[in-house]
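Please read the structure below before turning to the comments.
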Amino acid sequence: MPFAKRHAFDLLFRRHRQELLAFAGQHSNHEVAEDLVQEAYLRFIQHAENGSIENPRAYLYRITHNLSADYFRHGQIRARHAGDEEEIELVADPQPGPEASTDAQLRLKRCLDALNGLPEVYRHVFLLHRYDGMTYAEIGKALGIPTRTVERYAAKALAQCYAEAGDELSQ
């Protein structure tokens, strides 16, 4: 920005700053008024580059008024929904957090490693029951083995998962 324009903006800022602060402070505290006036000058500078502003003081007042009105409206909305934040925090997120997801993946890997160390029929029975949801009787019928044997295989596979993964599976 050329020196002449920068000097003109600086002069305009110093000349009208106090009255704009008083104007913006009618509906807000001093800190907010400072922010609003600062934002008004930034917007003024952005629009003044093309030289189409005939009355800079009136334009600054219009920008400050619009910013004040926006701030006031946002304040009303914040006040109306102030208690909502507490209610939102009480709602449980159905998705597990990143730590829970990582822990679950680690437990699954350990369990799968444990299952890979078992005879194939044990692993097959376990997965049919736990993953596919088949009952012990259905598995026994499908594999042609007694239901009691299916129960033993599933129990041994589960015990192997607990032994391999340790206490992490019981959490």
**Q.** Heavy atoms of Glu164: accessible area, 1.4 Å probe, square angstrom to 10
**A.** 100
(Q) Suppose accessible area is computed on protein heavy atoms with a 1.4 Å probe; arrange Glu31, Glu99 from highest to lowest. (A) Glu99, Glu31
Q: Give, in nm to one decimal, the length gained when the segment between Glu151 and Arg107 is fully stretched (0.36 nm per residue of separation minus the Cα-Cα distance).
A: 13.5 nm
(Q) Between Gln95 and Asp132, how high is the FRET efficiency from 1/(1 + (r/R0)^6) when r is the Cβ-Cβ distance and R₀ = 30 Å? Nearest 0.05. (A) 0.75
Q) Can you run phi through the Karplus equation (6.51, -1.76, 1.60; θ = phi - 60°) for region 62-67 and list ³J(HN,Hα) in whole Hz, with x for Gly and Pro? A) 5, 4, 4, 4, 4, 5
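The values are calculated or read from the model by the stated rules, or taken from the named source; none is laboratory data. Everything quoted here is computed from the prediction, not taken from an experiment. Positions of Cβ are generated from backbone atoms using ideal geometry, with glycine treated the same way; all protein chains shown enter the neighbour counts. Each accessible area value is taken on the protein alone, full model and side chains, heavy atoms only, with ligands, DNA and RNA left out. Shrake-Rupley method; radii C 1.70, N 1.55, O 1.52, S 1.80 Å.
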